[in-house]
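Report on the following structure.
The values are calculated or read from the model by the stated rules, or taken from the named source; none is laboratory data. Bear in mind that the values here come from a model prediction, so they are computed numbers and not experimental data. Positions of Cβ are generated from backbone atoms using ideal geometry, with glycine treated the same way; all protein chains shown enter the neighbour counts. Heavy atoms of the whole protein, side chains included, go into the accessibility calculation; ligands, DNA and RNA do not. Shrake-Rupley method; radii C 1.70, N 1.55, O 1.52, S 1.80 Å.
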Amino acid sequence: MKEILQGLFFCLVTAAFFLFYPAEKKTVHPLSRGWGADIDWVQSYEEGLFEAQTRDKPLMVIHHLMDCPYSKALKEAFSQHEEIQNIAKVDFIMMNVMHETADGNLAPDGYYVPRIIFVDPTMTVRTDLIGNVETLKYTYSQEDLDKLLENMKKAVSERHRVEL
């Protein structure tokens, strides 16, 4: 009888522990839209430019649509790539948008998705950091993550580059 009571007591203590000390819930940034739950995302282009200047980090703007199969494929690959996620979290001001901004500089070769544009802390759009498709220079696919990672590293290391 004593063993049964001890077992019951252990079960009650264990249950009480889990009731009063629930497992830590991982919060997902509301603006991540699936691109990276641990990344701090800015809400507007203006906020992104301000943060880029203030924190001396490049801004990465991801244009996408939720129902676009190319955007979905890129988002899944981007969100699962550990090095890209780390660099995005540490070295960038990040913004993902499903609508166009008023600044035409963010569409140097047209309006299409997915499209990724880098802006340095001096508010210069990095038109030299392009993907692998000649006709859609700023698009990336899930197969282009090496090129995207290379461009991310360049955006960070060359963030004070002045174009003449």
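Key figures
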| read-out | value |
| --- | --- |
| Phi to ³J(HN,Hα) by Karplus 6.51 cos²θ - 1.76 cosθ + 1.60 over the range 48-54, Hz, x for Gly, Pro | x, 5, 4, 5, 4, 5, 5 |
| Efficiency of FRET from Cβ geometry, GLU47 and SER141, R₀ 30 Å, rounded to 0.05 | 0.60 |
| THR54 paired with LYS154, simple spin-label distance in nm, labels 7 Å along Cα-to-beta-carbon | 3.0 |
| Sites matching GluC sites (Glu not before Pro) across the range 37-120 that sit in DSSP coil, with at most 14 neighbouring C-beta atoms within 10 Å | GLU100 |
| Neighbour net charge for TYR70 - beta-carbon separation under 12 angstrom, K R +1, D E -1 | -1 |
| Accessible area of the range 50-157 belonging to carbon and sulfur atoms, whole % at 1.4 Å probe | 51 |
| In order through the range 72-84: 3J(HN,Hα) via Karplus (6.51 cos²θ - 1.76 cosθ + 1.60), integer Hz, x for Gly, Pro | 4, 5, 5, 4, 5, 5, 4, 6, 9, 8, 4, 5, 4 |
| Where labels lie 7 Å past Cα in the beta-carbon direction, separation of ASP128 and HIS29 in nm | 2.7 |
| Cα-only Debye scattering, the range 30-82: base-10 log of I(q)/I(0) at q = 0.25 Å⁻¹ | -1.05 |
| Surface accessible to a 1.4 Å probe, per residue, for the residues of the range 66-164, Å² | 53 |
